[in-house]
Amino acid sequence: MSANPATICINGQWQNAKNKQTIDVFAPSNGKKISAIARGDAPDVDFAVKAARAAFEGVWSKTPAVERGRLLSKLSAKIAEHANELAELEAKDTGKAMKLARNDIAATVRYFEFYGGAADKLHGDTIPFLDGYQVIVNRVPRGVVGHIIPWNYPAQMFGRTIAACLAAGNTTVFKPAEDACLSVIRMTELAHGVGIPPGVINLVTGLGHEAGAALASHPDLDYLSFTGSPEVGTQIQKMAAEHHTPCVLELGGKSPQIVFEDADFDKAIPVIVSAIIQNTGQTCSAGSRVLVQKSIYDRFVAQLADKVRSVRVGAHDADLDCGPLISGAQCERVKGFLARAQADKIPVLAEGAIDENAQPGGYYVKPMLLGPVDPAHELAQLEVFGPVLVVIPFDDEAHAVQVANGTAFGLIAGVWTENGGRQLRVAKQIRVGQVYINGYGAGGGIELPFGGFKRSGYGRAKGFEALHEYTVTQTIVVNHG
Ligand code: ADP
């Protein structure tokens, strides 16, 4: 890494935060300090927004779509070239196992590849109108876009947001999470190295209530993209509303896996376990509720419990099934849920194991399977953001749909049944942005529109759909006589 991680990047210049302060960065695997990042604040954000505005009105709006696409493709290749370095950085910074970090970097490469190819394929429309008129509907970039992203998938979030945002012709001020952002700092440097012009990507690291709040409340933003907790999402919308800044929000979920009596257990169980332990449960789309039909409940749960018992947790470089949680605070939060579940006498069906290599000072918790859980209990309603899977029994299709839809969230769902009619019938009744039949998740799922219903947020990321989010229509009506 050549850019000093304790600097921010504005208009292509790496510099200290104006207050010269930094924030220490700790490795989740052992709690030791590994780096420091700049503690950017309102003056830095303001400077960054001005740089993004100048680049938007200047160089970037004059760069043809095909050229923007080529630059993104070059960045894709550059990230692929640095894949090992970036995966190691990501694993050390977030605590995630190396194999997951490698997958994350591969997905990041794909984001820049996909949107690099898509940049010159986004086009507007014409509308038949009155005699003597021609109506042209242009798709124009929104302008200066603020991004506030979480710590769970920093590299992927950089790819998912920046690639689509730039392909559509916008410039950005990017505020990654203070808990993990080293890969983002490095990729910002790589982006400038491949020729993305200064001012197009401005990176301001810092704390949520300082740099994040300054960005969300900035009067000169055209659009704001936020991914994180529902609580902060509410604050963000209030800040953005002050200046009528439109937002796209992805706020997590409590995603159900619905297992019917004719499901293929051998296919379902490894996927169901992997969907909750991936990234140690710190995934918005984690499959955190398993709804199991009563007629197979005991048999299915026994097999599921066996699989959970085989899960091993360890340091990022031990490359086991999952790593530590991101921080002491997150560890306390997850343990709080487990303590309350114990007080409420919810049976523990199985737990995974923490490996011997897990160092003291790391933020480790055992993966847990609990159930049966009342669908109204907080464990079945709230996002734990840890490796905690709850089992809820159901009677029939209608009951399954009712329980699946019975939370405030609506991000994704899995349906496990060999009955073709039921697959679609159930999928169409669940109020979520993505439904997987006999599977769950799609790796990065770069091509697939992604986003929530209800409290999981609004707007869509990924796929071609994201290019529509990052643009607006402008209608030109010509009276040519
Ligand atoms: P998580 O569940 O990932 O911890 P948060 O919602 O706390 O989610 O954080 C997501 C992002 O939002 C981070 O970049 C964080 O710095 C930022 N953030 C946290 N609080 C605020 C705030 N009050 N205003 C703006 N951004 C914030």
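Nothing charged except the Cβ atoms of Lys and Arg (+1) and of Asp and Glu (-1): what's the magnitude of the dipole of segment 14-78 about its Cα centre? Round to the nearest 20 debye. Please report the intermediate quantities before stating the final value.
Details: 12 positive and 6 negative charges, 48 e Å.
Here the size comes out at about 240 debye.
Distance between the pseudo-spin-label points of Ile476 and Asp120 (7 Å out from Cα toward the beta carbon): 2.0 nm. For segment 375-380, the Karplus equation 6.51 cos²θ - 1.76 cosθ + 1.60, evaluated at θ = phi - 60°, returns couplings of x, 8, 5, 4, 5, 9 Hz by residue, with Gly and Pro reported as x. What the phi angles of segment 224-235 give under the Karplus curve with 6.51, -1.76 and 1.60, with θ = phi - 60°, is a coupling list of 9, 10, 10, 10, x, 6, x, 5, 5, x, 5, 4 Hz, glycine and proline written as x. Using a probe of 1.4 Å on the protein chains alone, the accessible area found for His377 is around 30 Å². The relative contact order of the chain, computed from alpha carbon pairs under 8 Å that lie at least 6 residues apart in sequence, is 19 percent. Listed values for segment 30-40 are Karplus-derived 3J(HN,Hα) couplings in whole Hz (6.51 cos²θ - 1.76 cosθ + 1.60, θ = phi - 60°), namely 9, x, 8, 5, 10, 6, 9, 10, 6, 9, x, and x replaces Gly and Pro. Net charge dipole, segment 256-447: roughly 360 debye, given to the nearest 20, about the Cα centre with Cβ charges of +1 for Lys and Arg and -1 for Asp and Glu. Are any of the pairs Lys20/Lys92; Lys121/Lys254; Lys33/Lys345; Lys74/Lys454; Lys175/Lys307 more than 28 Å apart by Cα-Cα distance, and if so, which? Going by Cα-Cα distance, Lys121/Lys254; Lys33/Lys345; Lys74/Lys454; Lys175/Lys307 fall outside the 28 Å limit. Can you list residues from other chains, or at least 5 along the same chain, whose modelled amide H is less than 5 Å from the amide H of Gly287? Under 5 Å from the amide H of Gly287 lie the amide H atoms of Ile276, each far enough along the sequence or on another chain. What the chain shows is 38 Å² of accessible area per residue, with the surface traced by a 1.4 Å probe over protein heavy atoms. Taking amide H atoms as placed 1.01 Å from N in the peptide plane, the amide H of Ser225 lies under 5 Å from those of Gly146, His147, Ile148, Val248, each 5 or more residues away in sequence or on another chain. Size check on the chain: the Cα extents along the three principal axes, sorted descending, read 71, 62, 40 Å.
Taking amide H as placed 1.01 Å from N in the peptide plane, Tyr458 has its amide H under 5 Å from the amide H of Leu249, Gly452, each at least 5 places away in sequence or on another chain. Among beta bridges from DSSP that stay inside the chain, the antiparallel ones total about 40%.
Around the Cα centre of segment 8-251, unit charges on the Cβ atoms of Lys, Arg, Asp and Glu (plus for the first two, minus for the last two) sum to a dipole of about 460 debye. From the alpha carbon centroid of segment 135-166 to that of segment 225-301 is 23 Å.
Run through the DSSP bridge list for segment 8-251 and note the antiparallel percent, rounded to the nearest 5. Intermediate results must be reported in sequence, preceding the final value.
On the way: 12 of 28 bridges.
Antiparallel: roughly 45 percent of the beta bridges in segment 8-251.
Each of Gly406, Leu379, Ala358 was placed along the dipole of segment 256-447 (beta-carbon charges, centred on the mean Cα), and the one lying farthest toward the positive end is Gly406.
The values are calculated or read from the model by the stated rules, or taken from the named source; none is laboratory data. In this text the structure is predicted, and so the values were computed from the model without any measurement. No Cβ is skipped: glycine too gets one built from the backbone with ideal geometry, and neighbour counts run over all protein chains shown. SASA here: full protein model, heavy atoms, side chains in, ligands and nucleic acids out. Shrake-Rupley method; radii C 1.70, N 1.55, O 1.52, S 1.80 Å.
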